[in-house]
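Structure first, then comments.
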Amino acid sequence: MSDTPANRFRPPAVPKVKIAGFWGPRIDVVADKTVNILFDRCIAAGTLDQVDPALPVPDLRIPFQHGNSVTTQMFWDSDFGKIIETAAYAIDRKRDPGLERRIDEVIDAYARLQAEDGYLDSWFQRMRPGERWTNLRDCHELYNMGHLIEGAVAYHHATGKRRLLDVMCRCMDHVIATLGREPGQKRGYCGHPEVELALVRLARATGERRYLDLATYFVDERGRSPNYFDGEAAARGESGEDFWFGTHEYSQSHRPVREQDKVVGHAVRAMYLYSGMADVATETGDGTLVAPLERLWADLTEKNLYVTGGLGPSQANEGFTFDYDLPNESAYAETCAAVALVFWASRMLGRGPDGRFGDIMEQALYNGALSGLSLDGTKFFYENPLASRGDHNRWTWHRCPCCPPNIARLVASVGSYAYGEAEGEAAVHLYCAGEADLDLGGGRRLRLLQDTHYPWSGAVRLTVGLEAPTDFVLSLRIPAWAQDPTLSVGGEAIDVAAVRVKGYARLARRWSPGDVVELDVGMTPKRLYANPKVRQDAGRVALKRGPLVYCVEAVDNGPGLHGLSLPEAAEIRDAFEPELLGGVVALSAAARTDAADWGGDLYREVPPQRRAAALRAVPYYAWDNRAPGEMLVWLRADGVEASARDGEGQA
């Protein structure tokens, strides 16, 4: 791709970043436990039986839904793709010949399954032969292929093995011949976006422009009139009006992407689509995609995003409803959606450092996404509510197991999201102890060593490793929540305001080997209040420290959390507790709670008596890792006008 714009930022490959600190033990848990659990449970569910052509064609394991068109079994290939990707990162972290053999066996099965023309999808080859490319709206063919592409690229980077990469290149060459605008081709695209961003990864890994061109076609063709999905349904003898979700907004195919300005429909599909759009904009320099991406970003972050970085409040469509609709107890906020928001935010940084995107990436990563994986790496959340009566708990597996490998692959590859590299520039988006080998172009390499206890401490020390003095720009994200950040280079203080550009400290200078940069963004507990239009949070307060959103659990505060309130004047104290939840900073404050004096009355003419209480809060990502019980993110706020109530039994 020689015509790729040179001034674009790309994330470094996972093997180029070694992570310690906060994320290091979490990556180790994924490598030591989670990846094999994912593999075992996937095999137990029957996934390999469907893939391996040497085995008898299996019976249907998961029933059809929505008539006779959809079963989660049809996207089992995507689960294997994500597990292979996770395994690749695990193997890069810790060589594991046994795990590598298991993955090679799955890859061998896919290689044997692949059709002579390159087509690859176990559902349509084994379970529904003869029906390929007949229902792109519902059946996930390209989505499956996309996840297998991502697994192939990651596995090639980690092991040097090309077999799956070559398989998926053949598969995409078949897609190029099948879908497009030439005579005899279908002008189709996937009902579940994902292949777009995967194709960009494939283009970067292979240097082949045709894969980027295919990604661009999928982005450009989506939502054009006449709508492809309507014609496809008619060809099946169906009416587009029979679609169970009733609108093409569900798959963001209701209008061309450049005309879209509202986040609508299925949240995960939306985030994957916008990620692909951002990647295409970065790689091609297509400025016509920038304005719609900016509109969609503003609509999400200003009207439709949970404080945890979760998104998609509705179970009915696993997605969006209407502006400022952010219920807590019934929040769907799928783990995959927060993971995909991290993907989108990271790709929005492709046009250069911008704190709007880096801050949201961090918010979603530490809260809405990380909550989806238990501390021991064995259990998962699909939904991530912001309140629970104690009946929402982690599970070991799911008939739609998309979230476990998604959060696992994100955690295992977090180092790639921490940095950006471009011609003559490097950026630090996330702070975590470790080191990165970054490409500055022209044969210049930067080894950046990061020493920090972030997110428990806001102090970061970076040591510059170079072969010789080099001119380049180093950009360091200054979080919007940081108060009075301090910065120095070589012991010389730098005025942060003077070098701050779009939320980053931009340091343009000649750097010498061994230069030391010291940054301190501080870590002070803060209260957060929601826009009054978010009716569920009126009169309520949330707690945050650095990038972490906090919650209260019954295991620390007793039952009846709905009666707990935080006075406006109460001091919020923070202290690191090494024995709590693997070592966390907990928050505490003097609070008030309803006295247990109501008796058997349902109503009275006087308000309940209040008594003093001690409040203790822990990071949201770590909830439901101890005894099951109630949980709340948004607390009643004493001293704040509160005429509205939550409407979910939390008032």
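Pro401 meets each of the listed conditions (1) part of a loop (DSSP other than H, G, I, E, B); (2) within 22 Å of Tyr550 (Cα to Cα) apart from (2). Ala530 satisfies every condition listed in (1) in the same structural domain as Leu548 (by TED's automatic domain parsing); (2) at pLDDT below 95 except (2). Can you find even one residue in segment 233-247 that is among the aliphatic types (A, V, I, L, M) and closer than 30 Å to Ala152 by Cα? No. Scanning segment 464-496 for residues that are under 23 Å from Pro525 (Cα atoms), surrounded by fewer than 17 Cβ atoms within 10 Å (Cβ to Cβ) and either in contact with a Phe, Trp or Tyr (Cβ under 8 Å, 6 or more places away or on another chain) or hydrophobic (A, V, I, L, M, F, W, C) (or both) turns up just one, Ala480. On the basis of being surrounded by fewer than 19 Cβ atoms within 10 Å (Cβ to Cβ) and assigned to a helix (DSSP H, G or I), does His147 make the cut? For His147, the condition - surrounded by fewer than 19 Cβ atoms within 10 Å (Cβ to Cβ) and assigned to a helix (DSSP H, G or I) - is not met. Residue-level check: of (1) part of a strand (DSSP E or B); (2) buried (at least 17 other Cβ atoms within 10 Å of the Cβ); (3) in contact with an Asp or Glu (Cβ under 9 Å, 6 or more places away or on another chain), Thr593 misses just (3).
Being outside any strand (DSSP E or B) and touching a Cys at 6+ places or on another chain (Cβ under 8 Å) is the requirement here; does Asn367 meet it?
So Asn367 fails the test.
A single member of Leu300, Leu289 is assigned by TED's automatic domain parsing to the domain that holds Tyr382, part of a helix (DSSP H, G or I), in contact (Cβ under 8 Å) with a residue 12 or more places away in the chain and more than 24 Å from Arg210 (Cβ to Cβ), and it is Leu300. Out of all the residues in segment 557-570, is one or more farther than 19 Å from Met523 by Cα, within 29 Å of the chain's Cα centre (by Cα) and charged (D, E, K, R)? No, segment 557-570 contains no residue that is farther than 19 Å from Met523 by Cα, within 29 Å of the chain's Cα centre (by Cα) and charged (D, E, K, R).
Among the residues of segment 511-522, how many are in a loop (DSSP other than H, G, I, E, B) and in contact with a strand residue (DSSP E or B) (Cβ under 6 Å, 6 or more places away or on another chain)?
Within segment 511-522, the subset in a loop (DSSP other than H, G, I, E, B) is 512-515, 521-522.
In the following step, the residues that additionally are in contact with a strand residue (DSSP E or B) (Cβ under 6 Å, 6 or more places away or on another chain) were identified as 515.
Qualifying residue count, segment 511-522: 1.
Specify which of the listed residues (Ala505, Ala493) is over 30 Å from Tyr324 (Cβ atoms), of a type in the set (A, V, I, L, M, F, W, C) and under 28 Å from the mean Cα position of the chain (by Cα). The unique qualifying residue is Ala505.
Would you pick out the residues in segment 415-447 that are among the hydrophobic types (A, V, I, L, M, F, W, C) and part of a strand (DSSP E or B)?
Result: Ala422, Ala426, Ala427, Val428, Ala436, Leu438, Leu440, Leu446.
Each residue in segment 600-651 was checked for being of a type outside the set (A, V, I, L, M), modelled with pLDDT of 85 or more and part of a loop (DSSP other than H, G, I, E, B), and 16 pass.
The values are calculated or read from the model by the stated rules, or taken from the named source; none is laboratory data. Here the structure is a predicted model, which is why all the values come from computation and not from measurement. In this analysis, Cβ positions are derived from the backbone assuming ideal geometry, glycine residues included, and neighbour counts consider all displayed protein chains.
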